[in-house]
1. Quick one: if you stick a label point 7 Å off each Cα along the C-beta vector at residue 76 and residue 33, how many nm between them?
2. Using the count of nearby Cβ atoms within 10 Å as a rough guide to exposure, how do 15, 22, 49 rank from fewest to most?
3. On full extension of the chain, what length is gained from residue 69 through residue 50, given 0.36 nm per residue of separation minus the C-alpha to C-alpha distance?
4. Test of understanding: ordering 21, 38 by Cβ neighbours within 10 Å, fewest first, what list do you get?
5. Which of 79, 20 has the fewest other C-beta atoms within 10 Å, and how do the rest follow up to the most?
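Quick note: the coordinates plus some simple rules give every number you see, no bench work behind them. Keep in mind that this is a model prediction, so the values were computed, not measured. Cβ coordinates were reconstructed from backbone atoms using ideal geometry, including for glycine residues, and neighbour counts include every protein chain displayed.
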């Protein structure tokens, strides 16, 4: 992320409780220019955060503390603009 030193409480790791459903966890992640929203298991838990990217090349990393976890499906969709063209 870019400039995050404007307040000591801003930068940090965010987490939310989540439970496995039939051994799986469903994540829906929405990324905009400066906003990330994560919905766990259709809204069971939600994380919303602001980011300040320092480059034009966005990077998203997914990780889990359980070494046996694996990503089984990824779908990417481009969001349409809310502004009329």
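1. 2.0 nm
2. Listing 15, 22, 49 from fewest to most nearby Cβ atoms yields 22, 15, 49.
3. Gain on stretching residue 69 to residue 50: 4.1 nm.
4. Neighbour counts put them in this order, fewest first: 21, 38.
5. Ordered by Cβ neighbours within 10 Å, fewest first: 79, 20.
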